[in-house]
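Beneath this line is the structure, given in structure tokens, with notes to follow.
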Amino acid sequence: MLKFPMTGPGLHRLENELRQLRSEERPAVIRAIAEARSHGDLSENAEYHAARERQSFIEGRIAELEEIVASAEVIDPASLSGDTVKFGAVVELLDEETEKQASYQIVGVHEADIKLGRLSISSPLAKALIGKKPGDSVSVPAPGGDRTYEILSVKFG
């Protein structure tokens, strides 16, 4: 079975989403289907078709989350150390073109959220950063041309 590296908080978020889908969303859509059925002819019942579509989405997401949670390999960044970038590291970067600084934590594919500073381990930027140290520069292909970043710091925990 393929294991997915993940932080503890990332796994917790996915488990909460799974619990909410099972305990709230699934029963609500079942009630909506039952109510729509009571309105008669199902072939022209838009509420029924919308509820069935929602049910299909919910069941698919539940199956997906069950697989991810079952195969998650939790890695605690606080237990890691060193000065090279690896999974769980919080990396402070300087965009050499714009002089803007940004901070990202390297996390698992299923918990990545760039708006929250969580960068997927499989992203081009994370792949370029892995194994590098503060002071190193990395070049990453981007739609507008290559971007170059300097690693300012690497922290764990």
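The values are calculated or read from the model by the stated rules, or taken from the named source; none is laboratory data. It should be emphasised that the depicted structure is a prediction, and the values quoted were computed from it without experimental measurement. Glycine also receives a Cβ, built like all others from the backbone with ideal geometry; neighbour counts cover every protein chain displayed.
Residues checked against (1) at pLDDT 95 or above; (2) in contact with a Phe, Trp or Tyr (Cβ under 8 Å, 6 or more places away or on another chain):
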residue	(1), (2)
Phe57	yes, no
Gly60	yes, no
Glu66	yes, no
Ala78	no, yes
Leu93	yes, yes
Report summary line: Matching residues in the range 88-138 (closer than 20 Å to Met6 by Cβ, assigned to a loop (DSSP other than H, G, I, E, B) and out of contact with any helix residue (DSSP H, G or I) (no Cβ under 8 Å at 6 or more places or on another chain)) number 4
Requested in this report: Kindly provide the set of residues from the range 139-157 that are small (Gly, Ala, Ser), assigned to a strand (DSSP E or B) and closer than 13 Å to Glu96 by Cβ, ordered by number.
Outcome: Ser139
Query raised in the report: Does the range 54-64 contain any residue that is touching a helix residue (DSSP H, G or I) at 6+ places or on another chain (Cβ under 7 Å), within 30 Å of Ile106 (Cβ to Cβ) and surrounded by 11 or more Cβ atoms within 10 Å (Cβ to Cβ)?
Result: yes
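From the list Gly10, Gly40, which residue is touching a strand residue (DSSP E or B) at 6+ places or on another chain (Cβ under 8 Å) and either at pLDDT below 90 or surrounded by 14 or more Cβ atoms within 10 Å (Cβ to Cβ) (or both)? Steps first, please.
On the way: Gly40 fails: touching a strand residue (DSSP E or B) at 6+ places or on another chain (Cβ under 8 Å).
Sole residue among the options that is touching a strand residue (DSSP E or B) at 6+ places or on another chain (Cβ under 8 Å) and either at pLDDT below 90 or surrounded by 14 or more Cβ atoms within 10 Å (Cβ to Cβ) (or both): Gly10.
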Query - the range 72-87 - residue that is touching a helix residue (DSSP H, G or I) at 6+ places or on another chain (Cβ under 7 Å) and part of a loop (DSSP other than H, G, I, E, B) and, of those, surrounded by the most Cβ atoms within 10 Å (Cβ to Cβ) - result: Val85
**Report entry** Failed criterion for Ala36 (all others in (1) touching an Asp or Glu at 6+ places or on another chain (Cβ under 7 Å); (2) within 30 Å of Gly117 (Cβ to Cβ) hold)
**Finding:** (2)
